[in-house]
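First comes the structure, then the notes that go with it.
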Amino acid sequence: MKKEITYIKDLQEHINKTVQLSGWVYNMRSSGSLVFIECRDGSGICQCILNKEELSDNEWTIASGLKQESAIQISGRVVADERSLGGVELQVTGISLIQQVEDYPITPKEHGVEFLMNHRHLWLRSQRQWAAMRVRNGIIFAIHTFFQGRGFIQTDTPIFTPNAAEGSTTLFETDFFDQKAYLAQTGQLYGEALAMAHGLIYTFGPTFRAEKSKTRRHLSEFWMIEPEMAFYDLEMNMDLAEDMLRFIVKTILGNYASELHILERDTTSLEKLVDKAFVRITYDRAVEILRSEDTASLLDQMLEDRKTEKDTILQEQKELQKEHGSAKKWRKKQIEKRISDINSRVDQIDEDMRNLPKWKSSAQNFEWGQDFGGSDETVLTMQYDVPVMVTHWPAEIKAFYMKRDESNTYALGVDVLAPEGYGEIVGGSQREDDLDLLLERIEEEGLDQSVFEWYLDLRRFGSVPHAGFGLGLERTVAWICGLNHVRETIPFPRMMGRITP
Ligand code: 4AD
Ligand code: MG
């Protein structure tokens, strides 16, 4: 017979049957002649109940000596139990040890982020990290489903490149057989060549930027999805980006509810965009909004609200602390959880209270012609409950390949800003399809024309209007999972100050 493994995610199909699971001890506790194990097998977690009466002496010794992350094989009867994780639990009839573990470094107590990042290879086993990686996988699959369903083909573009495409200040230089080469910042230029061959293409690959920014939105190595479409203009490009994002969010809300639950993601805001149009505004309008009286009073109001909220929950905390002394054991646990939630909320509020005045001043003093900073994006998006698409940017601050409008002042570019402070997740544009104008731009930017000759050929031989965009995978994962920092959205983040593990 073929060897098969039963996975925890499928246990609902095995109710009242005996199965064997292989996995690791996620958590355990004992009480007299009972041991309770939360066993994880990669597909999920199952509560397993071990009763001394049901086991051999040897098995009971194993059971009572288990440590966190010990590897085990365990067999037993699956019983339906509504209160349990996944709706089932396992009444264990046999257990064997694959490996006993001593002193697993990550314990259920709280650890600092640096410690966890240094143990990323193990941290990935924790439930929240597990859930985030599953959602990441779901987003990747949804992206392929979306584009493949619309007749796009996936193409792959080189990582060693001879030139910059997104500004020369963020290049990682490397040596390619004694010739200078750079790690790709984008696959776009090659994507344009492929779009002229196939009409509708997308790339899905790693990209590299040597940005010296330590922010919650920046990685040095990140994954980008770049569709490129022949005969598309800016508006069609935006329609596509909007449809894609809606499809991704719908898919994740539909198929990853339990992961979002583990991540404690409040999905109200995500649900809103499923059947609501995104906001589309020009850069000029965005600047007007930033500088407006309304925005100033909105920010003042938020500051007031935060102060009130802080007073209220600190009062609640005081009362809970009083109650704690004489509370029953189960209630004590509840109180401790609530107090710790209040503490993290207060930290968040304190940060907001420090930030809001700065955001206000940055918004009020915003100068036309600048790029939006992270806080400006936050201030813009908090006025709406759906993503905001900003178009028609001052040409000077956008890349050389963007087409300009008739006035020659504005680039036909679009940034999509995600709500809840997540900011830019998509950057795209209609491309300059005129050879002479493109030559002018290359010269203006001081770029070396010779390395772009192949790219210019695309304008010499059958040049057509075309457009595309790039979606940053990690920022999308952060937004959809509600994660505070992109470092938790990719298995092994590479960012300034971190190249291990
Ligand atoms: O806006 P960007 O720079 O656009 C391009 O690279 C174009 N060539 C795309 C195209 O039109 N084909 O980058 C696109 C997206 C950003 O909106 C952001 O989501 C993500 O890539 N991104 C980063 N993500 C994480 N860390 C960084 N350092 C990032 N830089 C950009
Ligand atoms: Mg951008």
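A few remarks follow.
- Residues whose amide H falls under 5 Å from that of GLU424, counting only those 5 or more places apart or on a different chain, are ALA418, with hydrogens built in the peptide plane.
- Sparsely packed loop sites in the stretch 29-88 (the trypsin sites (Lys or Arg not before Pro) outside DSSP H, G, I, E and B with at most 13 other Cβ atoms within 10 Å) comprise LYS67, ARG83.
- Protein accessible area in the stretch 116-244, 1.4 Å probe - carbon and sulfur %: 54 percent
- Placing dummy labels 7 Å off each Cα toward the beta-carbon, the span from THR267 to GLU4 is 3.0 nm.
- Acute angle (nearest 10 degrees) that the helix 188-198 long axis makes with the longest principal axis of the chain, alpha-carbon atoms: 80 degrees
- Taking a ≥ b ≥ c as the square roots of the Cα gyration tensor eigenvalues, the stretch 296-356 comes out prolate, since a/c reaches at least 1.5 and a/b is larger than b/c.
- Extents of the chain, taken as max minus min of Cα coordinates on every principal axis and listed largest first, are 85, 63, 45 Å.
- Counting Cα-Cα pairs of the stretch 371-501 in 10 Å increments starting at 0 gives whole-percent bin shares of 12, 32, 28, 23, 5, 0.
- Mean projected area in nm² (Cα convex hull; one quarter of hull surface) for the stretch 86-194: 14.3 nm²
- In degrees, nearest ten, helix 293-324 long axis to first principal axis of the chain (Cα): 10 degrees
- Sequence-ordered 3J(HN,Hα) estimates for the stretch 230-235 from the Karplus curve with 6.51, -1.76 and 1.60 and θ = phi - 60° stand at 5, 6, 9, 9, 4, 5 Hz, glycine and proline given as x.
- Accessible area (Å², per residue) of the stretch 1-99, counting only protein heavy atoms and a probe of 1.4 Å: 56 Å²
- Computed from backbone phi, the HN-Hα couplings of the stretch 274-289 come to 5, 10, 10, 5, 5, 7, 10, 9, 7, 4, 4, 5, 4, 5, 4, 4 Hz, rounded to whole numbers (Karplus: 6.51 cos²θ - 1.76 cosθ + 1.60, θ = phi - 60°; Gly and Pro given as x).
- Burial order of peptide ranges 283-294, 187-198, 124-135, 169-180 (average beta-carbon count within 10 Å, highest first): 187-198, 124-135, 283-294, 169-180
- Over all other residues within a Cβ to Cβ distance under 10 Å of GLY187, the charged ones net out to -4, with Lys and Arg as +1 and Asp and Glu as -1.
- Once the mean of 1/r is taken over each pair of separate Cα atoms and inverted, the stretch 8-99 shows a Kirkwood hydrodynamic radius of 12.7 Å.
- Between the listed residues GLY325, ILE342, GLN301, the Cα displaced farthest toward the positive end of the dipole of the stretch 296-356, a dipole computed from Cβ unit charges relative to the Cα centre, is found at GLY325.
- Normalised contact order of the stretch 16-93, rounded percent, pairs of Cα under 8 Å and 6 or more residues apart: 37 percent
- Rounded tilt (10° steps) of 329-364 against the dominant C-alpha axis of the chain: 10 degrees
The values are calculated or read from the model by the stated rules, or taken from the named source; none is laboratory data. Everything numeric here is computed off the predicted structure, so don't read it as measured data. Virtual Cβ from ideal backbone geometry, glycine too; neighbours counted across all protein chains shown. In case anyone asks, the SASA skips ligands and DNA or RNA and just uses the protein heavy atoms, side chains included. Shrake-Rupley method; radii C 1.70, N 1.55, O 1.52, S 1.80 Å.
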